[in-house]
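Data first, discussion second: the structure below is written as structure tokens.
The values are calculated or read from the model by the stated rules, or taken from the named source; none is laboratory data. If you're wondering where the values come from, they're calculated on a predicted model, not measured in any experiment. Quick reminder, even Gly has a Cβ in these numbers, built from the backbone with ideal geometry, and neighbours come from all protein chains shown. In case anyone asks, the SASA skips ligands and DNA or RNA and just uses the protein heavy atoms, side chains included. Shrake-Rupley method; radii C 1.70, N 1.55, O 1.52, S 1.80 Å.
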Amino acid sequence: MGTYWLLAMFSFFLFYGVAHIEAFHQTHSLNQTYKPSFHFQPHKNWMNDPNGPMRYKGLYHMFYQHNPKGAIWSNNSIVWGHSISKDLVNWLSLQHALIPSESYDINGCWSGSSTLLPNDKPKILYTGIDINQHQTQNLAIPKNVSDPLLREWIKSPNNPLMEPNNVNKINATSFRDPTTAWIGHHDGFWRVLIGSQKKDKGILILFKSKDFFNWIQDKNPFYSAKNTGMWECPDFFPVLINGSIGLDISINNGYGIRHVVKVSLIDVSHDYYFIGTYDTIKDVFVPDKGFDKINNELSLVLRYDYGKFYASKTFYDGEKKRRVLWGWINESSIQEDDVKKGWSGIQAIPRTLWLHKSGKQLIQWPIVEIEKLRSNHVNLHSKVLKGGKMLEIFGVTAAQADVEISFEVKELEKAQVLDPSWKLDPQHLCKENGSKVKGVVGLGPFGLLVLASKDMKEYTTIFFKVFRGNKKHVVLMCCDTRRSSLNHNNDLANYGAFVDVDPINEELSIRSLIDHSVVESFGAQGKACITTRVYPTLAINDKAHLHVFNNGTIDVKIKKLNAWSMKKAKINEMH
Ligand code: DQQ
């Protein structure tokens, strides 16, 4: 009897122990395989929107929506995570800046922005979810402004500063995400925008204040558009007409500047932006081409990124005189896998952003500091890639790399004709002209084939296809993740964008930042960006390969290729 029990107990512990260790290994390896090496994320658990980025006393501050209790979104425990950095590359995690604690934010400290008041006084405006699940706008200030780390934040006794009520008739669950505040020079009033909706109309509500405590709602919406649903995380900032340097948000009168409004549309999870004029007298924004002018055809509205990129926010880096963009990249995996790996959500590499000289669109480029992670440089010049051919690039860690390539194309008269009867939806066109489609007479698809397994069972492609349009050539940029993973539980999406580039006189270039489960690509020197999440099962770590391919029938020339392995950054490690 005794021996029997001993044996039974022994086998139980053996089984339990082994099962436990296996589960640990599974979780651990999943966690490690897909964890980016140089993209911002908390040490563990869930992260979504970037909040209140700023530079203060020589340090960059990054706040973010975070669920400290788990790897998935939570309805009532969202806090403001907080990290600091000297270079926007390596980050140190600090204590949470804001946690739900008061009746006006007890169900969550949601998104918001920071404003640097004159004499270096930082303030945070954020959305609180109150006891009744209503959305309110609140103020927090640093406990000690002489601490460059701004570790502790105090909520204002005047909170909530803005709230929905019977008089203002604001929908209590569609009233959130205050922008950075700016000052009107003719009246000295502070202004802030809040995202909202009225029925199907997306709306930006403007509030004004003399003292930052008492805020009055403006009669007119700052900007609105029918049939667009709720507008989240608005952003508003000036850009220089001629030049790439950034401007502080309060520069709003004077020649030589335009303004940008960005809204995040909850219905489609995309960030759309408009270039236009800020009428400082009427306090409204008039876009050159608004939603209305393009008949609400969302595929024609400009986006920061045509892949996965949402709830973004810019800030002005006064030290380096640039405007920097942060954006949240969600997972494409199923929730069970996120729970297993113990984390979810990353931030895109911060991008410097400015107005293109045409005045028609913005240009985005990864912050220059990221280049210090480059190592093992390999390069290639003037190499013809015949139609139907592929070329492997050796010498870099293909799962953690920075790759820049530019192509020269000739025989443009042989490019495929863009049939006017086709649906001019880039995503659809990319699907029809996928990288697998070989031998179609024409120029492209050609581009990069990344995170590829040796047997080509897995790969992700970023490529161009050039068409002959009515009056000019039309360049399509695509990112196809349909073969990126053998695990079909993941969202194996296909993304596309038209790029306003002249294939004869301008560079047909792609830069891809590859970081294990994320590929961020910049087409034509930052004219179109496509970001994707991928979870290869074979093409992982040193088993990942990098190629250049040309699946069109016309030869293309690789003008130059520069590729680097990327070193690991120190990001919110445990201490
Ligand atoms: N995320 C926040 C909201 C915002 C949304 C909540 C956008 O404030 O509207 O985590 O992703």
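Summary of values
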quantity: Residue that is farthest from Ser113 (Cα to Cα) [pool: residues in the range 240-298 that are among the aromatic types (Phe, Trp, Tyr) and out of contact with any helix residue (DSSP H, G or I) (no Cβ under 9 Å at 6 or more places or on another chain)]; calculated: Tyr255
quantity: Residue count for the range 275-293, restricted to those that are within 30 Å of Gln427 (Cβ to Cβ), at pLDDT 95 or above and buried (at least 19 other Cβ atoms within 10 Å of the Cβ); calculated: 3
quantity: Any hit, the range 262-274, residues being within 16 Å of the ligand (Cβ to nearest atom), in contact with a Ser or Thr (Cβ under 8 Å, 6 or more places away or on another chain) and open to solvent by 50 Å² or more (accessible area, probe 1.4 Å); calculated: yes
quantity: Enumeration of residues in the range 170-197 that are more than 16 Å from the ligand (Cβ to nearest atom), within 27 Å of the chain's Cα centre (by Cα) and surrounded by fewer than 23 Cβ atoms within 10 Å (Cβ to Cβ); calculated: Trp182
quantity: Residue, least open to solvent (accessible area, probe 1.4 Å), within the range 298-314, restricted to residues that are more than 15 Å from the ligand (Cβ to nearest atom), touching an Asp or Glu at 6+ places or on another chain (Cβ under 9 Å) and within 14 Å of Tyr495 (Cβ to Cβ); calculated: Gly307
quantity: Selection count where residues are crowded, with 21+ Cβ neighbours inside 10 Å, part of a loop (DSSP other than H, G, I, E, B) and within 16 Å of the ligand (Cβ to nearest atom), scope the range 72-89; calculated: 1
quantity: Residue ID - farthest from the ligand (Cβ to nearest atom), chosen from residues in the range 101-120 that are open to solvent by less than 50 Å² (accessible area, probe 1.4 Å) and assigned to a loop (DSSP other than H, G, I, E, B); calculated: Tyr104
quantity: Flag for Trp326 being outside the structural domain of Tyr495 (by TED's automatic domain parsing), outside any loop (DSSP other than H, G, I, E, B) and open to solvent by 10 Å² or more (accessible area, probe 1.4 Å); calculated: no
quantity: Residues (in a strand (DSSP E or B) and either without any contact (Cβ under 8 Å) to a residue 12 or more places away in the chain or open to solvent by less than 30 Å² (accessible area, probe 1.4 Å) (or both)) located in the range 198-223; calculated: Gly202, Ile203, Leu204, Ile205, Leu206, Phe207, Ser209, Ile216, Tyr223
quantity: Every residue from the range 35-62 that is more than 16 Å from the ligand (Cβ to nearest atom) and farther than 22 Å from Glu371 by Cα; calculated: His43, Lys44, Tyr56, Lys57
quantity: Hey, Ile257 away from the ligand (no atom under 16 Å from the Cβ), touching a residue at least 12 places away in the same chain (Cβ under 8 Å), in the same structural domain as Val324 (by TED's automatic domain parsing) and of a type in the set (A, V, I, L, M) or not; calculated: yes
quantity: When residues of the range 399-426 are limited to those that are open to solvent by 10 Å² or more (accessible area, probe 1.4 Å), in contact with a helix residue (DSSP H, G or I) (Cβ under 9 Å, 6 or more places away or on another chain) and of a type in the set (A, V, I, L, M, F, W, C), the one nearest to Gly442 (Cα to Cα); calculated: Leu418
quantity: Residues being more than 16 Å from the ligand (Cβ to nearest atom), in contact with a Leu (Cβ under 9 Å, 6 or more places away or on another chain) and modelled with pLDDT under 95 - total across the range 220-232; calculated: 1
